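Here is the structure we will look at.
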Amino acid sequence: MERPFALSAVFTYADNGEFSKGQAAFDRRDYYAAIVLYTQSIEIDPTFKSAYNSRGRAYLNTNNNSAAIADFDKAIELDPNYAIAYNNRGIAYANLKRYKRAIEDYDQAIKIDPNYVAAYNNRGYAYVDMDMKTKAINDFNQAIRLDPNYTRAYRNRGYVYSRLNSFDRAITDYNKAIELDPNDAWSYNARGYAYYKTKDHTKAIADFTKAIELDPNHQHAYDSRARSYRELKDYDKASADAQKACNLGDCDTYNYLKKANLLR
């Protein structure tokens with residue numbers, strides 16, 4: 001099953017010329033330009049904690065987790081109660097699969113700000129990666145209590161329920177995620193998987209089709225729809241979807257159909 005995008009990083013904003021330009025560059029996803037501008041902002045004011053935090057976020061988006069950690073370290077040095085920087089550093093450690101270290105940072109963020117929704121969500125997902133599903137669900141529950149419209153927590157809790165084979169609960173969470181974000185291809189695909197596992201292939205196919213409509217290159221949705229068609233013995237449609245999925249990089253069902261001499 002495809003994993004959700006789970007982690008929620010946070011910016012802080014301040015009035016600084018180069019910093020504001022950096023924020024604009026980040027907003028248009030020009031992360032390298034943002035890094036240059038944040039660096040210029042830091043050169044103007046080496047004690048500007050928000051510039052370090054934001055440059056760290058830009059480094060996260062270029063997969064430079066070590067540089068990100070160094071910037072979050074500096075932001076925390078400047079302000080030991082900077083909950084946002086602890087949360088964001090936790091993300092960097094999680095990206096490096098240092099989950100215990102990530103949880104320590106999320107713990108500190110929550111200690112500083114007990115209502116920090118994103119930190120609960122992120123800690124929950126670190127627990128998922130450590131296969132500590134009960135703790136993960138508890139954190140997603142808390143994120144939802146604090147913000148009943150926090151889409152990511154519903155997605156992530158649904159994912160855990162699916163891994164626990166509690167598909168009815170997973171579907172309920174995905175329903176809510178889709179209600180909050182009707183253009184979320186991931187949630188349609190995930191709900192389709194839950195329907196597939198409960199052998200409701202008509203609903204599964206409808207969800208996989210919607211996921212593909214929203215994201216025409218969604219390889220997992222093509223592969224999963226191929227599986228449902230295979231279960232319905234519609235091998236023509238299964239073969240077409242399996243071929244498309246394989247072209248996009250997911251060849252599981254294609255290889256199965258080929259090995260079973262079911263490709264059309």
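Condition check for SER20 on (1) of a type outside the set (Val, Ile, Thr); (2) at pLDDT below 95; (3) not in a helix (DSSP H, G or I): one failure, at (3). Within the range 246-264, being within 31 Å of the chain's Cα centre (by Cα) and assigned to a loop (DSSP other than H, G, I, E, B) holds for GLY249, ASP250, CYS251. Report yes if some residue within the range 243-264 is modelled with pLDDT of 95 or more, more than 17 Å from TRP186 (Cα to Cα) and in contact with a Ser or Thr (Cβ under 6 Å, 6 or more places away or on another chain); otherwise report no. No, every residue in the range 243-264 fails to be modelled with pLDDT of 95 or more, more than 17 Å from TRP186 (Cα to Cα) and in contact with a Ser or Thr (Cβ under 6 Å, 6 or more places away or on another chain).
Take ASN95 and decide whether it is in contact with a helix residue (DSSP H, G or I) (Cβ under 9 Å, 6 or more places away or on another chain), surrounded by fewer than 17 Cβ atoms within 10 Å (Cβ to Cβ) and under 26 Å from ALA34 (Cα atoms). Spelling it out, ASN95 is indeed in contact with a helix residue (DSSP H, G or I) (Cβ under 9 Å, 6 or more places away or on another chain), surrounded by fewer than 17 Cβ atoms within 10 Å (Cβ to Cβ) and under 26 Å from ALA34 (Cα atoms). Just for the range 164-199: of the residues that are buried (at least 16 other Cβ atoms within 10 Å of the Cβ) and of a type in the set (Val, Ile, Thr), which one is farthest from ALA136 (Cα to Cα)? Checked the range 164-199; the qualifying residue farthest from ALA136 (Cα to Cα) is ILE178.
Name the residue, out of ASN122, ASN141, that is more than 30 Å from VAL36 (Cα to Cα) and not assigned by TED's automatic domain parsing to the domain that holds TYR52. Quick ask: steps written out before the conclusion?
On the way: ASN122 fails: more than 30 Å from VAL36 (Cα to Cα).
Residue meeting the stated conditions: ASN141.
Which one of LYS49, LYS97 is touching a Leu at 6+ places or on another chain (Cβ under 6 Å) and of a type outside the set (S, T, N, Q)?
Values: LYS97 fails: touching a Leu at 6+ places or on another chain (Cβ under 6 Å).
Selected residue: LYS49, the only one of LYS49, LYS97 that is touching a Leu at 6+ places or on another chain (Cβ under 6 Å) and of a type outside the set (S, T, N, Q).
The values are calculated or read from the model by the stated rules, or taken from the named source; none is laboratory data. For clarity, every value in this text was computed on a predicted model and none was experimentally measured. All Cβ positions, even for glycine, are placed from backbone atoms using ideal geometry, and neighbour counts span all protein chains on display.
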